[in-house]
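Participant: Okay, handing you the structure first.
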Amino acid sequence: MTLDRTMVARCFGQYLLAAGLFIAGTTIAAAQQPPKNFILHEAPKPIASIAFEDDQGRPRSLAAFRGKIVLLNIWATWCGPCRREMPSLDRLQGLLGGADFEVVALSIDRAGLDPVRKFYMDVGIRNMAINIDRSGKTTRELGTIGVPATLLIDRDGRELGRLVGPAEWDEPDIVRFLKHFIERKTGSVAPTNRFVRTDGNTAPIARLSAQPGGTA
């Protein structure tokens, strides 16, 4: 009887461990899911070297942001969806912006800085810097169609993925998705369905849930 109770307790403990691993793995997988309409590349892609200016007319490039995860948003003052989207990007910069992450809002207004400055004041943009490409070449060089268009760029200046169209960028699911990349201090990472075990090895989440009584 004592042996039976010991076996039952051991089996129950294994089920609890497997359940805990499954829940943790599912939580990790959920955090890695890209936002709706976001196209995540299987591997990082090289990105064109685009040129633009800051709010003082000084030349800038994406090279200035190496070492950070960058959310590059291409927009224009005359774009209705951009006007609705920009406040969420500004809130996102206020929430996550710093040494490891930056929202780079890049206007393609040909009329210059004045309309962009007015837009920032009218909409109440406080956290994002002004950047502008008066030539409008950015959309062609990056292969984007229309505005807004947003690219996620890794610390080495490579494109991880993109979204064409507006989004609410400070929604909790999107913030968790971005944090997944920000928290990796070097290189880039693609979403995975594998869970890191306590012994340092990895195992597929599905396999852990399918074999609760054994080892994965």
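Just so you know, all these numbers are worked out from the coordinates, no wet-lab data involved. Values in this document were obtained by computation on a predicted structure and should not be read as measured data. When we count neighbours, we look across all protein chains shown, and the Cβ atoms used for this are built from the backbone with ideal geometry, even at glycine.
Participant: Quickly work out the Asp100-to-Lys45 label distance, labels modelled 7 Å from Cα along the C-beta direction, and quote it in nm with one decimal.
Facilitator: Computed distance between label sites Lys45 and Asp100 equals 2.7 nm.
Participant: Starting from the amide H of Val104, placed 1.01 Å from N in the peptide plane, find each other amide H under 5 Å away whose residue is 5 or more places distant or on another chain.
Facilitator: When sequence neighbours closer than 5 places are left aside, the close amide H contacts are Leu71, Leu72, Asn73.
Participant: Follow-up. Lysines within cross-link reach of Lys137: Cα-Cα under 20 Å, excluding same-chain residues under 8 positions apart?
Facilitator: Result set, ordered by chain and number: Lys45.
Participant: Compute the length gained on full extension between Glu168 and Asp122: take 0.36 nm times their separation in residues and subtract their Cα-Cα distance, giving the result in nm to one decimal.
Facilitator: Working: separation 46, 0.36 × 46 = 16.56 nm, distance 1.91 nm.
Contour length minus the Cα-Cα distance gives 14.7 nm.
Participant: Moving on. Show me the chymotrypsin sites (Phe, Trp or Tyr not before Pro) within the stretch 68-126 that DSSP assigns to loop and that have at most 14 other Cβ atoms within 10 Å of their Cβ. Kindly include the intermediate steps, with their values, before the conclusion.
Facilitator: Working: sites: Trp75, Trp78, Phe101, Phe119, Tyr120; in loops: Trp78.
When the chymotrypsin sites (Phe, Trp or Tyr not before Pro) of the stretch 68-126 are filtered for loop state and at most 14 Cβ neighbours within 10 Å, Trp78 remain.
Participant: Another question about this same structure. Given R₀ = 22 Å, what would the calculated FRET efficiency be for Glu141 paired with Asp114, taking r from the Cβ atoms and rounding to 0.05?
Facilitator: In this case the efficiency is close to 0.35.
Participant: Within the stretch 59-90, whose backbone N sits under 12 Å from a point 7 Å along Cα→Cβ of Arg134?
Facilitator: Of the residues in the stretch 59-90, 59 have backbone N under 12 Å from the label point off Arg134.
Participant: How large is the dipole of the stretch 38-169 about the Cα centre if only Lys and Arg carry +1 and Asp and Glu carry -1, each at its Cβ, rounded to the nearest 20 debye?
Facilitator: Working: 18 positive and 17 negative charges, 36 e Å.
Here the size comes out at about 180 debye.
Participant: What is the sum of charges around Glu183, taking Lys and Arg as +1, Asp and Glu as -1, for the other residues whose C-beta is under 14 Å from the C-beta of Glu183? Spell out each step's value before the answer.
Facilitator: Numbers: positive: Lys68, Arg155, Arg176, Lys179, Arg184, Lys185; negative: Asp100, Asp154.
Its environment carries a net charge of +4.
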